[in-house]
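Report on the structure given below.
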Amino acid sequence: MSETPDRPRTGMRPWLKALFALSLTLNLLVIGAIVGVRVGEFGPDRHPRSMHDRVRVDPALGPFARSLPEEARRDAMRMLDDRAGAHKLSRDALAQQFTDMLAILRSEPFDAEALGEIFDAQSDSARGRAVIGRDVLLEQIETMSDEERARYADRLERGFQRAMSRVQGDR
């Protein structure tokens, strides 16, 4: 009977591989969404289905900003930029992080800690901007009268129904 010599384990632990894969997937989805939106806005076949689709808002304000009255939406965008910096700066930082991430992924030996730091920085940046966006939206909604708030709720509901019908149509 031959015995196999004990060899030290090489490579990453399975749970670390799974965590890395999940984190990488989420970050690539974010980057893909940004690129997709940019390409979709300027493509030759770009014909928005409605005015609701044409409204550009910062992702930190989310779909709730699309339903704001135009003046309130502009104010919200300005307030967000004043408090969190222009979104273009965030995109530029994301592009640099993506370049760094590619270099780390191609490096030998692989530095999981360095890649994790990039993932953490992206998460922290998005979370910070989203918190500011939430505060800005809340301030805009607080200034509305009861009637304005009801109309806002109606527009928000219609936008949600449109989004859900598109999702259900994809099935």
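We did not get these values from a lab; they are worked out from the coordinates using the rules stated. Note that this is a predicted model, so its numbers are computed, not measured. Note: ideal-geometry Cβ built from the backbone for every residue, glycine included; neighbour counts use all protein chains shown.
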Study note, to complete from the structure: Expected sort for 26, 115, 68 with the fewest Cβ neighbours (10 Å cutoff) up front is 26, 115, 68
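Provide 75, 120 in ascending order of the number of other Cβ atoms located within 10 Å of each residue's Cβ, fewest first.
On the way: 75 16, 120 11.
Arranged by neighbour count, lowest to highest, 75, 120 become 120, 75.
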Exercise for review: Can you tell me what the convex hull of the Cα atoms of the stretch 51-145 projects to on average, as an area in nm²?
Suggested key: 6.9 nm²
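Please find the FRET efficiency linking residue 15 to residue 168, where r is the Cβ-Cβ separation and R0 is fixed at 41 Å, and quote it to the nearest 0.05. Don't jump to the answer; show the numbers that get you there.
On the way: r = 36 Å, r/R0 = 0.88.
Step by step, r from the Cβ atoms, then E = 0.70.
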Point to revise | Calculated from backbone phi, Karplus (6.51, -1.76, 1.60) coupling profile of the stretch 122-136 in Hz, x at Gly/Pro | key: 5, 5, 4, 5, 5, 5, x, 5, 5, 5, 5, x, 4, 5, 4
